[in-house]
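Novice: Before I ask anything, let me first share the structure, which is written out below as structure tokens.
Every number here is computed from the coordinates shown, using simple stated rules; none is lab data. All values reported here derive from a predicted model rather than from experimental measurement. Here the Cβ positions follow ideal geometry from the backbone for every residue, glycine too, while neighbour counts run over all protein chains shown.
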Amino acid sequence: MHSLSTNITPTMLISKTVLLSFLLIFMVVALASAKTRAITCDIVHNIMHPYCHGYALLGGSFSSECCNEVKSLISNITTIANRQSACSCMKRLAYTKKQVNRLASIPGKCGANLPFKIGKDVDCSKVK
């Protein structure tokens with residue numbers, strides 16, 4: 001009968017440690033890049049559309065689910081570039097003065113602090 005040897009050599013231990021270190025570094029980089037990925041208008045639209053769209057653009061009823069969307073958007077715009085991009089996208093969402101006013105009122109209704117103003121005259125390149 002053959003017995004399997006379970007002796008772990010120092011070389012095997014070092015190899016496994018190096019491999020685990022690389023995996024850990026990869027995971028940290030992947031998580032960091034996910035949080036700082038570029039925000040596109042499609043992303044802003046997809047975050048805001050299900051519950052905020054009806055109120056902002058059509059004058060429908062306001063829902064608490066819209067607040068969850070606004071807070072989700074805010075948590076995804078952590079860099080200056082993403083805030084500027086989101087600002088530009090929000091400017092494109094509303095066409096009439098009433099729509100702009102309703103869209104601009106949403107963060108206040110939610111007790112959320114959007115890091116830029118919503119309006120057609122906002123210079124998004126100056127958003128910090």
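Novice: Using 1/(1 + (r/R0)^6) with R0 = 25 angstrom and r between the beta carbons of Thr78 and Cys124, what's the FRET efficiency to the nearest 0.05?
Specialist: Efficiency, from the Cβ-Cβ distance: 0.95.
Novice: Okay, moving on. Would you mind checking the radius of gyration and Dmax of segment 41-126 based on alpha-carbon positions, in Å?
Specialist: In Å, with Rg to one decimal and Dmax whole: 11.5, 32.
Novice: Got a sec? How would Cys41, Cys67 order by Cβ neighbour count within 10 Å, fewest to most?
Specialist: The most exposed by this proxy come first: Cys41, Cys67.
Novice: How far apart, in nanometres, would the label points at Tyr95 and Cys41 be if each is projected 7 angstrom from Cα along the Cα-to-Cβ direction?
Specialist: 1.3 nm
Novice: If each residue of separation counts as 0.36 nm, what is the full-extension length gain between Ser63 and Ile8 once their alpha-carbon separation is subtracted?
Specialist: Once the chain is fully extended between Ser63 and Ile8, it gains 13.8 nm.
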